[in-house]
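I have placed the structure first, in the form of structure tokens, so that the comments after it can refer back to it.
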Amino acid sequence: MRSPTRRSIAVTAALAAVLAAACDTGDGTSLRPPDTIVAGTCSAEAGLFADAEGIFALRSPDFEIDGPIPARYGATIGTEGRWPELLWREVPEGAQELALVLVDDADGTVQWAVGGIDPGAGCIPPGELPDGAVTYTNSFGEQGYRPPDLSPGEEQKFYVFRLHALSEPLGEVPPGVDVTALMNTLDERTIETTLLVGTSSDPEAEAEGEADS
């Protein structure tokens, strides 16, 4: 096999530097480029929990805290049910199970509800649930993931990924249970909750960007 030339090595190094710069948020956290996402796998932490040492926390390598969720996870581009990767650390003592809920902050609509998550799993890979996880009925009457609406609009939209540490498993709760009843059960069994907020793109920022271009 032919050995790489000095030029090819230099090009490869330059490309790696460009990708690293594109994914560097400037605060010690690195977001991964889209072409490195593989369904069913979890990424390295890459400093995602640097600001949450010792506390129950939820993070994603796909978007920053209170930052825009990438359009590839939105309802406007045919995502076929793929969600961003979600990682957690420091699950509280006594938690028997985790449950994840995605809520539209504007009206409380439940877009996605998942229970039966092993606290030790550490993450939900993009587009694939951990073994044993159960998807419950959302506010749309669907047992599945309803992607957030990330389409441009007059106002920025906010979506909350809410991870519940539960004192009791949801084993006896049927997947088709009414979403209100499910939320009440979660409230009764929750030891601690951690949130991760993502948004649609900021209309004001987009307008400023267009004005500057």
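Within the range 153-169, the residues that satisfy the criterion of being in a strand (DSSP E or B), under 20 Å from Trp83 (Cα atoms) and not hydroxyl-bearing (Ser, Thr, Tyr) are Phe158, Val160, Phe161, Arg162, Leu163, His164.
Of Thr76, Thr109, all but one fail to be more than 15 Å from the chain's Cα centre (by Cα), surrounded by fewer than 18 Cβ atoms within 10 Å (Cβ to Cβ) and modelled with pLDDT under 95; the exception is Thr76.
What number of residues within the range 126-142 satisfy the criterion of being at pLDDT below 95 and either crowded, with 20+ Cβ neighbours inside 10 Å or in a strand (DSSP E or B) (or both)? The qualifying residues number 1.
Looking at the range 170-182, which of the residues that are assigned to a loop (DSSP other than H, G, I, E, B) and free of Cβ contacts under 8 Å to residues at least 24 places away in the same chain is nearest to the chain's Cα centre (by Cα)? Ranking the qualifying residues of the range 170-182, first place goes to Pro174. Inspection of the range 92-100 identifies no residue that is under 16 Å from the mean Cα position of the chain (by Cα), modelled with pLDDT under 95 and within 23 Å of Ala75 (Cβ to Cβ). Can you find a residue that is within 14 Å of the chain's Cα centre (by Cα), of a type outside the set (A, V, I, L, M, F, W, C), crowded, with 21+ Cβ neighbours inside 10 Å and part of a strand (DSSP E or B) anywhere in the range 61-72? No, because not a single residue in the range 61-72 is within 14 Å of the chain's Cα centre (by Cα), of a type outside the set (A, V, I, L, M, F, W, C), crowded, with 21+ Cβ neighbours inside 10 Å and part of a strand (DSSP E or B).
In the set (1) among the aliphatic types (A, V, I, L, M); (2) surrounded by fewer than 17 Cβ atoms within 10 Å (Cβ to Cβ); (3) under 22 Å from Glu90 (Cβ atoms), Ala165 fails one condition alone, (2).
Answer yes if at least one residue in the range 97-112 is in contact with a Leu (Cβ under 7 Å, 6 or more places away or on another chain), over 25 Å from Ile55 (Cβ atoms) and part of a loop (DSSP other than H, G, I, E, B), and no otherwise. The answer is no; no qualifying residue exists.
The values are calculated or read from the model by the stated rules, or taken from the named source; none is laboratory data. Keep in mind it's a predicted model, so treat the numbers as computed, not measured. We place every Cβ from the backbone using ideal geometry, glycine too, and count neighbours over all the protein chains shown.
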